[in-house]
Amino acid sequence: MFGYHGKIVEVNLTTGSININNFDEDFARLYLGGNGFAAKILYDTVKPHTEPLSEDNVVVFATGPFTGGHVWGGSRGHCASISPLTNILCDSNFGGNFAAMFKRTAFDAIVIKGKASSPVYIHIDNEIVTIKDATSLWGKTVSEAHSLLSKQNEKRIESALIGRAGENLVRYASVICSGTRVSAAGRGCIGAVLGSKLCKGIVVSGDKKIEIFDADKLKNCLNQLYPGMKERAKHLTEFGTPVLVQMINSRGKLCTRNNQKEQFDKAYMISGEYIKEHHKKKNIACHGCPVACGKLVDVPYGTYTGTNVKMPEYETIYSIGSMLENSDVVSIYNANTVCDEMGMDTISFGVTLAFLTECVEKGLIKNSDLEIPLHFGKWNHLAEIAEYAAYQKGLLGKLLAMGSRRLSEYIDGESYKYLYEIKGLEIAGHSARGLRQMSLGYATATRGGSHHDTRPTYYPNDPEVDPGFTHQPEYSFNSQNNTAIGDSLVICRFIHERSFGTQINETLAEALSYVTGWDITKQELVEIGERIYTLERLINVSRGIDRQSDVLPYRVMNEPIPDGPSKGWMCTNEDLQKMLDEYYRLRGWDKNGIPTKETLKRLKIY
Ligand code: SF4
């Protein structure tokens, strides 16, 4: 089979058994890899009432036909599980070097089941899979653990590891993948699922090569796309994702002060332009990527003084910058590095902290009860606060480690009015009320408040071009199908969108046909995207999700943006309900948001 090894390894940490399951081309063509494989495996293996932190939960790491191959941005893999944060499906994409090295072992994916009796890690060296003792790694930061593992191995290794947050079952613990450009599988708390299994992570090493059906035609196709892709990605190469800060702020859609407003008067101080001028050291890239959107930055003060650390992404600058009214970019460098070392999702951490800070401001929690008092705009101790969360230290750490929805249930009162989450997942940095497409996009995202299901598009705030809500159901339908395909191939979103576009098209189908030898069309890819998305929905439906769950936060539906260029924008419940009707119709789901039997049959799910 071209583009695949055709093998998935299944490791049971309770019994110690290691099984290799072969898959055929029919399976590959139905689900592609990455996200699709993970959704199918979880659907087949995890029972509806499984507790996310129990040994019955399952974690899948999967590559796809683009991983580690010629397609730029094919440095990526995808992981998924049932989330302890949201109690539904969570899936997360990662880069760095881990996925490409995984693809050089004998396997396309790994399924982790059960629970070890003491700390372990899984070592894959080509076709040899071993469960190894991780006692000496437990309690180590991610970089310490990776460094120890590198010393223990003669061959070059790459790793996907948890840190203290995963070990301590913080509800938004992530998995950190090694590489020059370290990358987090950040969203949804797969780190805590691994922690509950006493699994420090996966170490891979390999030298196997995947056969490509027609490498010359693939290269020719990519060569034609290359100049356009490089041009469209030039701001990422120069500034990285923080280049978004000023653009989004200028349109009045930069969520600030726990989304009480959407313009930050000090946005420049946390922008890509500021970072480039004052702290940028050099570009760093995932395996084989010509865009190199990552940067190393100097840290002039704080926990990591005098070192070079990975520049925070835009999403982090939003969550622990503008959402906290924090203009001290160096405090963001330090706290971001703590989150990476502890293995903790910066979006959920920052948005939970912003929520807690507003609860303090509104008198629902007393600062005198917290180990570090919280005030918008004053974040000298941000890195320390991140450590409190990772260790669940003191009342502050315990409150933060819950994630915002659980924290709101704990605080009670009117705190729900200040939440910024959907289905329990804190919302990313693309405004749910300032971007027409993201209202419905977030409400129907299978993982909750994620910007990687429906993708944000920034139109000018000109009423002539305001897209309104009418076309958003169709936009979300197409965008979600496209992201499901990208996460299954697996390809970096930035490169996917800048080379193949934001909708499934013939060029993408053509590139896949050169890798696999399949005579595949755009329409077949659309159907695969639909299949994967509907399968994800089915997993969530089995766990209680329906129309009632496809909602937006109180503030998004009831409080218009107070000022700035997007003043007055919001998405009322009436707007949302109209969009849901049309969206469910397009998806072939019933009025309650449940996929119909006809749809399941059409998509070959049953
Ligand atoms: S564009 Fe950035 S995130 Fe994507 S593969 Fe390249 S370096 Fe990695």
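Mind telling me which of the residues Ser83, Ser92 ends up being within 16 Å of the ligand (Cβ to nearest atom), touching a Cys at 6+ places or on another chain (Cβ under 8 Å) and either at positive phi or not charged (D, E, K, R) (or both)? Before you say what the answer is, go through the steps one by one.
Details: Ser83 fails: within 16 Å of the ligand (Cβ to nearest atom).
On inspection, the qualifying residue turns out to be Ser92.
Please note which strands (runs of 3 or more DSSP E) are completely contained in the stretch 174-283 and include at least 2 residues that are more than 16 Å from the ligand (Cβ to nearest atom) and either of a type in the set (Lys, Arg) or on the phi > 0 side of the Ramachandran plot (or both). Even if it seems obvious, please write down each step before you answer.
Working: elements: 175-177, 183-185, 199-205.
Of the strands (runs of 3 or more DSSP E) lying wholly inside the stretch 174-283, those with at least 2 residues that are more than 16 Å from the ligand (Cβ to nearest atom) and either of a type in the set (Lys, Arg) or on the phi > 0 side of the Ramachandran plot (or both) span 199-205.
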Quiz item: Quick one: is Asn326 crowded, with 21+ Cβ neighbours inside 10 Å and in contact (Cβ under 8 Å) with a residue 24 or more places away in the chain?
Solution: yes
Exercise. Just give me the residues in the stretch 21-52 being closer than 16 Å to Thr63 by Cα and either in contact with a Pro (Cβ under 8 Å, 6 or more places away or on another chain) or not in a helix (DSSP H, G or I) (or both), in sequence order.
Key: Asn21, Asn22, Phe23, Asp24, Ala28, Leu32, Gly33
Exercise. Would you mind stating whether Arg531 is buried (at least 21 other Cβ atoms within 10 Å of the Cβ), over 30 Å from Gln263 (Cβ atoms) and out of contact with any helix residue (DSSP H, G or I) (no Cβ under 6 Å at 6 or more places or on another chain)?
Key: yes
Exercise. Pick out the one residue from Leu169, Leu198, Leu194, Leu161 that is touching a helix residue (DSSP H, G or I) at 6+ places or on another chain (Cβ under 6 Å), surrounded by fewer than 23 Cβ atoms within 10 Å (Cβ to Cβ) and among the aliphatic types (A, V, I, L, M).
Key: Leu169
Quiz item: Can we say Ile495 is part of a helix (DSSP H, G or I), β-branched (Val, Ile, Thr) and within 16 Å of the ligand (Cβ to nearest atom)?
Solution: yes
Quiz item: When the stretch 453-487 is examined, which residues are found to be within 16 Å of the ligand (Cβ to nearest atom) and out of contact with any Ser or Thr (no Cβ under 7 Å at 6 or more places or on another chain)?
Solution: Thr483, Gly486, Asp487
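A quick yes/no check of all residues on (1) in contact (Cβ under 8 Å) with a residue 12 or more places away in the chain; (2) assigned by TED's automatic domain parsing to the domain that holds Glu574; (3) within 16 Å of the chain's Cα centre (by Cα):
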position	(1), (2), (3)
Gln437	yes, yes, no
Gly449	yes, yes, yes
Thr454	yes, yes, yes
Tyr458	yes, yes, no
Phe469	yes, yes, no
Glu474	yes, yes, no
Phe477	yes, yes, no
Gln480	yes, yes, yes
Arg498	yes, no, no
Quiz item: How many residues are away from the ligand (no atom under 13 Å from the Cβ) and either among the basic types (Lys, Arg) or out of contact with any strand residue (DSSP E or B) (no Cβ under 6 Å at 6 or more places or on another chain) (or both) when one looks only at the stretch 95-105?
Solution: 2
Practice problem: Hey, can you tell me all the residues within the stretch 234-275 that are within 22 Å of Gln437 (Cβ to Cβ) and hydrophobic (A, V, I, L, M, F, W, C)? | Solution: Leu236, Val243, Leu244, Val245, Met247, Ile248, Leu254, Cys255
Exercise. Go through the stretch 298-408 and tell me which helices (runs of 4 or more DSSP H), entirely inside it, have 1 or more residues that are hydroxyl-bearing (Ser, Thr, Tyr) and modelled with pLDDT of 95 or more.
Key: 314-319, 329-342, 346-361, 382-391
Exercise. Could you list, in sequence order, all residues of the stretch 408-427 that are crowded, with 22+ Cβ neighbours inside 10 Å and farther than 12 Å from Ser348 by Cα?
Key: Ser408, Tyr418, Lys423
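Restricting to the stretch 53-68, give me the number of residues that are touching a helix residue (DSSP H, G or I) at 6+ places or on another chain (Cβ under 6 Å) and away from the ligand (no atom under 16 Å from the Cβ). Reasoning before the result, please.
Keep residues of the stretch 53-68 that are touching a helix residue (DSSP H, G or I) at 6+ places or on another chain (Cβ under 6 Å), which gives 53, 57-60, 62-68.
Imposing the further condition that a residue be away from the ligand (no atom under 16 Å from the Cβ) reduces the set to 53, 57-60, 62, 65.
Matching residues across the stretch 53-68 total 7.
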Self-check item: Where Val71 falls short, out of the listed (1) more than 16 Å from the ligand (Cβ to nearest atom); (2) out of contact with any Lys or Arg (no Cβ under 7 Å at 6 or more places or on another chain); (3) in a loop (DSSP other than H, G, I, E, B)
Solution: (1)
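The values are calculated or read from the model by the stated rules, or taken from the named source; none is laboratory data. The structure presented is a predicted model; accordingly, all values stated were derived computationally and were not measured. Note: ideal-geometry Cβ built from the backbone for every residue, glycine included; neighbour counts use all protein chains shown.
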